[in-house]
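Presented below is the structure to which this report refers.
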Amino acid sequence: MDARSVDVVVVGAGQAGLSAGYHLRRAGSTPGTGFVILDADDGPGGAWRHRWPTLTVDRVHGFHDLPAMPFPAAAPDRPAAEVVSDYFAAYEREFGLAVERPVRVEAVRSLPDGRLDVRTDRGRWTARALINATGTWSRPFWPHYPGRSSFRGRQLHTADYRGPDEFAGRRVVVVGAGTSAVQLLGEISPVAADTTWVSRRPPDFREIEFTPEHGRAAVALVEARVRAGRPPASVVGVTGLPVTPEVRRLREQGVLERLPMFDRITPDGVAWADGRFVAADTILWCTGFRAALDHLAPLKLRGPGGGIVMDGTRVVADERIHLIGYGPSASTVGANRAGRAAVREIRALLTRAAVLD
């Protein structure tokens, strides 16, 4: 199959990718000829379509509207995966974004003429610029601990979680100090035979009310990291864990009595160097995600420390590449702003290229 040619390829159709598509259309670019959005999933929703069914609308820590279409009112007990997927589907229809799916991008390379060669499992595209909006959900992080392969029970990651029922009567070790660990402890503890919470660092609970100022300060910290070429920390990780009524209830019940990280995994549980041992049937790794950027490896964007030096959404090493939903824009409100900023810079890039042609 011959390569299809567009000005811009957008990789990913989550919040960030749809925002980019909206701003490309608003700037006069035509879907299918001026730009294309490629998405690896078989339906709308981005990472949200994979969230566990028990994550309901009332338990989501806020969701920002996509550009020009308010997020709809929804019953608080509806699964967030359903509500957000329906919203994204309606958005794609409303703005005629014509997302191509399922299409998995395998590699992006430079061509001799300065265009980008985007190779996928459904053929090739060439483009003058690329907006990467692949997020992190497809790349769960599994830390290595001695003895992990010897464990006879079940190990799963947050990305694999589908609800508390499968943990009924089980002894569960939950690993991680973030929001997911706290939420899943709250769901699992009523049905499990026992839960044990461990984490490498103490959880950062904050009694203060989260304000826009706190959000901007957190984004600024993450942006400083990526400008320096360091791997991004998550915005959520920087803001800490809000002390909600649910957190207070779990504390009162003793569910959030956290232990320091174990030193090794045994066939039947986890153990510490001081002799402590906890028997377990299941280890649930709530250890976060990493940016899904492997398909960009041929472009050699990473620096010596493993990070990518960024200026806003633009990769400093290659002005054709913009990363959104990455680092400081890895939030719903940040993704919207990043989509607009990336399109503005790409339009300037395409104008300069047209003058040179």
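Derivation of every value follows stated rules applied to the coordinates shown; laboratory data play no part. Computed from a prediction, not measured in an experiment: that's the story for all the values here. So basically every Cβ, Gly included, is an ideal-geometry build from the backbone, and we count neighbours across all protein chains shown.
In vacuo Debye scattering of the chain, one point per C-alpha: log10 I(q)/I(0) at q = 0.08, 0.12 Å⁻¹? Normalising to I(0) and taking log10 leaves -0.43, -0.93.
Taking Cα atoms only, the orientation of helix 80-94 departs from the longest principal axis of the chain by about 10 degrees.
Projecting the Cα atoms of Ala342, Pro298, Pro79 onto the charge dipole of the chain (Cβ charges, centred on the Cα centre) puts Pro298 farthest toward the positive pole. Decide, for segment 125-214, between rounded, prolate and oblate: order the square roots of the alpha carbon gyration tensor eigenvalues as a ≥ b ≥ c, take rounded if a/c falls under 1.5, and otherwise choose prolate if a/b is larger than b/c, else oblate. Taking the square roots of the gyration eigenvalues as a ≥ b ≥ c, segment 125-214 is oblate. Under the criterion of Cα pairs below 8 Å and six or more residues apart, the relative contact order for the chain equals 22 percent. With a simple spin-label model that places each label point 7 Å from the Cα along the Cα-to-Cβ direction, the separation between Trp272 and Arg162 comes to 3.5 nm.
Tell me whether segment 234-321 comes out rounded, prolate or oblate; compute the Cα gyration tensor, take square roots of the eigenvalues as a ≥ b ≥ c, and use a/c under 1.5 as the rounded threshold. Here segment 234-321 falls in the oblate category.
The angle separating the long axis of helix 332-356 from the principal Cα axis of greatest extent in the chain is about 30 degrees. Every helix of 4 or more DSSP H residues in the chain counts as -39500 (n - 2.57), and over all residues that averages to -8000 deg cm²/dmol at 222 nm.
Oblate is the label for segment 1-159. Its Cα gyration tensor axes, ordered a ≥ b ≥ c, give a/c of at least 1.5 and b/c at or above a/b. For segment 266-336, the Cβ-based charge dipole about the Cα centre amounts to some 260 debye (Lys, Arg positive; Asp, Glu negative; other atoms uncharged). Shown for Phe141, Phe167: other C-beta atoms within 10 Å of each C-beta, ranked fewest to most, produce the order Phe141, Phe167. Close amide-amide hydrogen proximity is noted between Leu259 and Trp197, Val198, Ser199, each under 5 Å apart and 5 or more residues distant or on a separate chain (H modeled in the peptide plane; Pro and chain starts excluded). Charged neighbours of Ala279, selected by a Cβ distance under 15 Å, balance to +3 (K, R count +1; D, E count -1). Rounded to the nearest 10 degrees, the inclination of helix 15-26 to the longest alpha-carbon principal axis of the chain is 20 degrees. Summing Cβ point charges (Lys, Arg +1; Asp, Glu -1) relative to the Cα centre of segment 20-132 gives a dipole of roughly 380 debye. Exposed loop sites were defined as GluC sites (Glu not before Pro) in DSSP loop states (anything but H, G, I, E or B) carrying at most 10 other C-beta atoms within 10 Å; in the chain the longest segment without such a site runs 1-206. Taking the Cα centre of the chain as origin and assigning +1 to Lys and Arg Cβ atoms and -1 to Asp and Glu Cβ atoms, the resulting dipole is close to 840 debye.
Potential lengthening of the chain between Asp42 and Glu106 amounts to 21.4 nm, from the contour at 0.36 nm per residue minus the alpha-carbon distance.
Can you tell which of Ile283, Gly254, Leu184 lies farthest toward the positive end of the dipole of the chain, using +1 and -1 charges on the Cβ of basic and acidic side chains (Lys, Arg; Asp, Glu)? Most positive-ward Cα: Ile283.
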